[in-house]
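What follows is a structure written as structure tokens; I'll ask about it next.
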Amino acid sequence: TDLCFTCHTEQKKEWNAKKYTHGPVTLGKCAICHSPHATDNQFNLLKPSWDLCTTCHFEKGSGTHVLGDSMFAEGHPTRNRPDPIRKGKELNCASCHNPHVSNFPHLWAFEVQTLYELCQKCHNK
């Protein structure tokens, strides 16, 4: 991580200020997810993001994500749909979660305190 942060100084500053940290970041193991040299994937990821996340979070590999007592009793889709927030991108784990750090529970990518508020980011109609 020290080598990574030699160039990625803004990330180091931002991430150190956050409350919640993803395991690989906590361990300083950037190369668990990123290639330090080159890949064909965005952000130098070792695999496409959904495939990468489900490598460790294999219980989410069904393509649906159970969200407590949400309206999606069968699970909310996590792929094969357009991302309603990030135009032109496919829905994936990073649609709702920050893969590095967050000040919000479950590494939510938005400034929300409850699951309902998170849902409202896309389902506000």
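The values are calculated or read from the model by the stated rules, or taken from the named source; none is laboratory data. The shown structure was predicted, so the numbers you read here are calculated from the model rather than taken from an experiment. Counting neighbours? That spans all protein chains shown, and the Cβs are built from the backbone with ideal geometry, glycine included. Surface accessibility is based on the protein's heavy atoms, side chains included, excluding ligands, DNA and RNA. Shrake-Rupley method; radii C 1.70, N 1.55, O 1.52, S 1.80 Å.
In the list Ser70, Ser62, Ser95, which residue meets the criterion of being closer than 20 Å to Gln120 by Cβ and at pLDDT below 90? It would help to see each step written out before you state the result.
Working: Ser62 fails: closer than 20 Å to Gln120 by Cβ; Ser95 fails: at pLDDT below 90.
Testing whether each residue is closer than 20 Å to Gln120 by Cβ and at pLDDT below 90 leaves just Ser70.
Mind listing just one residue for me: the one in segment 31-43 that is open to solvent by less than 60 Å² (accessible area, probe 1.4 Å) and within 15 Å of the chain's Cα centre (by Cα) and, of those, nearest to Arg79 (Cα to Cα)? Show your work before the answer.
Residues of segment 31-43 that are open to solvent by less than 60 Å² (accessible area, probe 1.4 Å), as a first pass: 33-35, 39, 41.
Adding the requirement that they be within 15 Å of the chain's Cα centre (by Cα) leaves 33-34.
Details: Cys33: 19, His34: 21 Å.
Ranking the qualifying residues of segment 31-43, first place goes to Cys33.
Please count how many residues of segment 1-30 are polar (S, T, N, Q), open to solvent by less than 100 Å² (accessible area, probe 1.4 Å) and closer than 24 Å to Phe110 by Cα.
At the first step, the residues of segment 1-30 found to be polar (S, T, N, Q) are 1, 6, 9, 11, 16, 21, 26.
If we keep only those that are open to solvent by less than 100 Å² (accessible area, probe 1.4 Å) as well, we get 1, 6, 9, 11, 21, 26.
Still in the list and also closer than 24 Å to Phe110 by Cα: 9, 11, 21, 26.
Counting residues in segment 1-30 that are polar (S, T, N, Q), open to solvent by less than 100 Å² (accessible area, probe 1.4 Å) and closer than 24 Å to Phe110 by Cα gives 4.
So that you can scan it fast, the table gives a plain yes or no per residue for (1) without any contact (Cβ under 8 Å) to a residue 40 or more places away in the chain; (2) out of contact with any strand residue (DSSP E or B) (no Cβ under 9 Å at 6 or more places or on another chain):
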| position | (1), (2) |
| --- | --- |
| Glu14 | no, no |
| Lys18 | no, no |
| Gly61 | yes, yes |
| His65 | yes, no |
| Glu74 | yes, no |
| Asn80 | yes, no |
| His100 | no, no |
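A further question follows. Suppose we filter segment 85-104 for residues that are surrounded by fewer than 20 Cβ atoms within 10 Å (Cβ to Cβ) and assigned to a helix (DSSP H, G or I); how many remain?
Number of matching residues: 1.
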